[in-house]
Amino acid sequence: MIDTKNQWQKGFPQLEIQPDMIHVWRCSLDLPSANLENLLGILQPDEFERAKKFYFEKDRNRFIAARSILRSILGLYLNENPDQIKIGYTSFGKPVLVPGSYFQNLHFNLSHSENLALLAIASEGNVGIDIEQIRYDLDIEALASRFFSKEEICVLEKMDAEKKKEVFFQLWTRKEAFLKATGKGLSFPMEHCDVSSADNRNFSPVIIPITDISDQSNWYVMDLEPAKEYMAAIASDRPNMLISLWDYSFNP
């Protein structure tokens, strides 16, 4: 459930993150060019190497901003310098804090699209988040036929042309958030989960064939409203989490 009393607050939470709460941070990635050089000092060598692989400067700068903001926000929760945060990866490539590195462990997930990023942080439970800018040049029918369940395709087919793109990206972000929360990523077939009945105000179950998740966990997704022309969703393995929304102003 979203805490409607404080949507997209500014500042930083004064209280320690509670076990039944997820903090979601909204961050702009188009930072002043004068700041970007300073941000490189926050990155670890592997992140710096990834940044150099981007062909377009705009994409490279946004990656640097996203990773620096991630480290800065985690540093505030952990009371640690951003460049000292130790981030590792699961066997499926999901970023995680290195086990045993901190007194307070956190679960987190980052997603960014164009100039906007969302970061989800929880003290307990698995969490995944996805944001996408709506693109009107995509062949959504072809993508849906490959990656959507029959129920999701049925929902999409009922939409008029004006709403179809938005509904496609809403379904897509729900599925991506779920896949990121499980930590399995694209190793799990997207078409095998159904998120067509999710609620935009509360966590709703992801429908999954029981043979497709080895640990038989229950998963839940909920829509978010990050900005105009963007769609987003968050996923958790706990159905009663309270979502607290925050705007982040980056000051290196």
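Could you tell me whether LYS228 is part of a helix (DSSP H, G or I) and modelled with pLDDT of 90 or more? Can you show your working first?
Working: part of a helix (DSSP H, G or I): no; modelled with pLDDT of 90 or more: yes.
No: the conditions fail for LYS228.
When the residues of region 76-126 are narrowed to those that are small (Gly, Ala, Ser) and surrounded by fewer than 18 Cβ atoms within 10 Å (Cβ to Cβ), which ends up modelled with the lowest pLDDT? Please lay out each step first, then the result.
We begin by selecting, within region 76-126, every residue small (Gly, Ala, Ser); these are 88, 91, 93, 100-101, 111, 113, 117, 120, 122-123, 125.
Filter again for surrounded by fewer than 18 Cβ atoms within 10 Å (Cβ to Cβ), leaving 88, 91, 93, 100-101, 123, 125.
Numbers: GLY88: 86, SER91: 78, GLY93: 81, GLY100: 72, SER101: 68, SER123: 89, GLY125: 89.
Checking each candidate, the answer is SER101.
Every residue in region 144-155 that is crowded, with 23+ Cβ neighbours inside 10 Å and assigned to a helix (DSSP H, G or I), please.
GLU152
Do any residues in region 124-136 that are over 18 Å from GLU162 (Cα atoms) have Cβ atoms under 9 Å from those of residues that are small (Gly, Ala, Ser) and modelled with pLDDT under 90, where the two are at least six apart or on different chains, and which pairs are they?
Listed by first residue and then by second, the contacts come to ASN126/GLY183; ASN126/SER217; GLY128/GLY183.
Please find, among GLU166, GLU162, the residue that is surrounded by fewer than 19 Cβ atoms within 10 Å (Cβ to Cβ), of a type in the set (Asp, Glu) and modelled with pLDDT of 90 or more. Give the derivation first.
On the way: GLU162 fails: modelled with pLDDT of 90 or more.
Going through GLU166, GLU162 in turn, the sole match is GLU166.
Could you list, in sequence order, all residues of region 88-98 that are among the hydrophobic types (A, V, I, L, M, F, W, C) and within 16 Å of GLY128 (Cβ to Cβ)?
The initial filter retains those residues of region 88-98 that are among the hydrophobic types (A, V, I, L, M, F, W, C), namely 92, 96-98.
Those that are among the hydrophobic types (A, V, I, L, M, F, W, C) and within 16 Å of GLY128 (Cβ to Cβ): PHE92, VAL96, LEU97.
For region 123-162, give me each residue that is closer than 16 Å to SER196 by Cα and of a type in the set (Phe, Trp, Tyr).
Within region 123-162, PHE147, PHE148 qualify.
When you scan region 13-35, how many residues do you find that are surrounded by fewer than 16 Cβ atoms within 10 Å (Cβ to Cβ) and either part of a strand (DSSP E or B) or modelled with pLDDT of 85 or more (or both)? First the steps, then the outcome.
Going residue by residue through region 13-35, those that are surrounded by fewer than 16 Cβ atoms within 10 Å (Cβ to Cβ) are 14-16, 18-20, 30, 32-35.
After this cut, where a residue has to be either part of a strand (DSSP E or B) or modelled with pLDDT of 85 or more (or both) as well, the list is 18-20, 30.
Here the count works out to 4.
Check region 129-139 and report whether any residue there is assigned to a helix (DSSP H, G or I) and either of a type in the set (S, T, N, Q) or within 20 Å of ILE207 (Cβ to Cβ) (or both). I'd like the intermediate steps shown before the answer.
First, the residues of region 129-139 that are assigned to a helix (DSSP H, G or I): none.
No, region 129-139 contains no residue that is assigned to a helix (DSSP H, G or I) and either of a type in the set (S, T, N, Q) or within 20 Å of ILE207 (Cβ to Cβ) (or both).
Given the residues LEU119, LEU110, LEU97, which is the only one that is aliphatic (A, V, I, L, M) and over 15 Å from the mean Cα position of the chain (by Cα)? First the steps, then the outcome.
Details: LEU119 fails: over 15 Å from the mean Cα position of the chain (by Cα); LEU110 fails: over 15 Å from the mean Cα position of the chain (by Cα).
After applying the criteria, what remains is LEU97.
Sort through SER196, SER187, SER204, SER217 and tell me the only one that's out of contact with any strand residue (DSSP E or B) (no Cβ under 7 Å at 6 or more places or on another chain), among the hydroxyl-bearing types (Ser, Thr, Tyr) and at pLDDT 75 or above. Walk me through it before giving the result.
Working: SER187 fails: at pLDDT 75 or above; SER204 fails: out of contact with any strand residue (DSSP E or B) (no Cβ under 7 Å at 6 or more places or on another chain); SER217 fails: at pLDDT 75 or above.
Only one candidate passes the filter, namely SER196.
Under the condition of being without any contact (Cβ under 8 Å) to a residue 40 or more places away in the chain and part of a loop (DSSP other than H, G, I, E, B), which residue from region 156-195 is farthest from VAL127 (Cα to Cα)?
ASP160
Mind checking which pairs have a first residue in region 42-53 that is on the phi < 0 side of the Ramachandran plot and a second that is of a type in the set (Phe, Trp, Tyr), Cβ under 6 Å, 6 or more apart or different chains?
Between residues of region 42-53 that are on the phi < 0 side of the Ramachandran plot and residues that are of a type in the set (Phe, Trp, Tyr), the close pairs are ALA51/PHE63.
Out of everything in region 54-69 that is touching a Leu at 6+ places or on another chain (Cβ under 7 Å) and either at positive phi or not hydrophobic (A, V, I, L, M, F, W, C) (or both), what residue ends up being surrounded by the most Cβ atoms within 10 Å (Cβ to Cβ)?
Result: SER68.
Which of the following residues is closer than 20 Å to TRP172 by Cβ and either touching a Gly at 6+ places or on another chain (Cβ under 7 Å) or modelled with pLDDT under 90 (or both): ILE129, ILE140?
ILE140
Quick one: how many residues across region 3-12 are at pLDDT 80 or above and in a loop (DSSP other than H, G, I, E, B)?
Filtering region 3-12 down to residues at pLDDT 80 or above leaves 7-12.
Among the residues that remain, those that are also in a loop (DSSP other than H, G, I, E, B) are: 7-8, 11-12.
Total satisfying the criteria: 4.
Report yes if PHE92 is of a type in the set (Phe, Trp, Tyr) and assigned to a strand (DSSP E or B), otherwise no.
Numbers: of a type in the set (Phe, Trp, Tyr): yes; assigned to a strand (DSSP E or B): no.
No.
So is SER72 small (Gly, Ala, Ser), closer than 27 Å to GLY11 by Cβ and either loosely packed, with under 12 Cβ neighbours inside 10 Å or out of contact with any Lys or Arg (no Cβ under 8 Å at 6 or more places or on another chain) (or both) or not? Walk me through how you get there before you give the answer.
Details: small (Gly, Ala, Ser): yes; closer than 27 Å to GLY11 by Cβ: yes; either loosely packed, with under 12 Cβ neighbours inside 10 Å or out of contact with any Lys or Arg (no Cβ under 8 Å at 6 or more places or on another chain) (or both): yes.
So SER72 passes the test.
The values are calculated or read from the model by the stated rules, or taken from the named source; none is laboratory data. The shown structure was predicted, so the numbers you read here are calculated from the model rather than taken from an experiment. Cβ coordinates were reconstructed from backbone atoms using ideal geometry, including for glycine residues, and neighbour counts include every protein chain displayed.
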